[in-house]
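Please read the structure below before turning to the comments.
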Amino acid sequence: MKSLKTLGLVMVMALALGLGAGCSKKTEMQTSTSTEDPAAALNAAVQTITDGIVYFDYDKYDVKSEYTGMLQQKAELMKAYPDIRVRIEGNCDERGTQEYNLALGERRARAVYDYMVMLGVNPDQLEMISYGKERPAVSGDSEEAWALNRRDNFNVIAR
């Protein structure tokens with residue numbers, strides 16, 4: 001069983017290497033080292049989990065199909081590293097009341113949480129929080145700025 005888990009970890013890391021094939025030689029050297037060093041592999045997994053943001057349409061909380069591959073990769077890493085715990089942080093743009101945006105941010109975080117659990121992530125590895133409109137990624141009164149604020153971020157809180 002342990003060898004299957006190790007094989008699965010190697011396959012996940014190989015997939016990550018394949019996805020990053022266009023990176024510089026320095027990045028390739030760091031990544032190849034991470035497959036040999038468990039601490040470096042864990043650090044690479046944490047980085048992959050925290051990278052990547054799920055964005056939402058105005059007043060929506062459904063996970064768009066363009067994010068399913070990214071979420072699958074995060075889920076595989078979390079299953080390979082069961083000690084990792086992640087906080088899914090739901091955010092909104094500045095329009096709407098504070099109460100409405102807190103509820104919408106929670107629905108956005110819940111949608112990603114439910115999707116990750118559906119992919120096989122242990123629910124004990126996940127938690128959710130809504131920041132509503134309190135933590136904008138960018139400031140501005142344009143559709144471009146608002147679109148960047150309608151998001152879920154991933155914060156590793158334990159490893």
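Taken together, the values in this text are just the output of simple stated rules run on the coordinates, not laboratory data. Just so it is clear, the structure is predicted and the values come from calculations on it, not from any experiment. Virtual Cβ from ideal backbone geometry, glycine too; neighbours counted across all protein chains shown.
Counting only aspartates and glutamates at least 8 places from Lys60 when in the same chain, those with an alpha carbon closer than 14 Å to its own are Asp93, Glu106, Asp152. Of the trypsin sites (Lys or Arg not before Pro) found in region 54-150, those in coil by DSSP whose Cβ has at most 16 other Cβ atoms within 10 Å are Lys60, Lys64, Arg95. Annotation for region 102-159: GluC sites (Glu not before Pro) lying in DSSP loop with at most 16 further Cβ atoms inside 10 Å of their Cβ are Glu134. Beta bridges per DSSP, both residues in region 38-159: antiparallel share near 55 percent. Backbone N atoms of region 133-159 closer than 16 Å to the 7 Å Cα→Cβ label point of Glu99 belong to residues 133.
Close amide H partners of Leu126, meaning residues 5 or more places away or on another chain with modelled amide H under 5 Å apart, are Val86.
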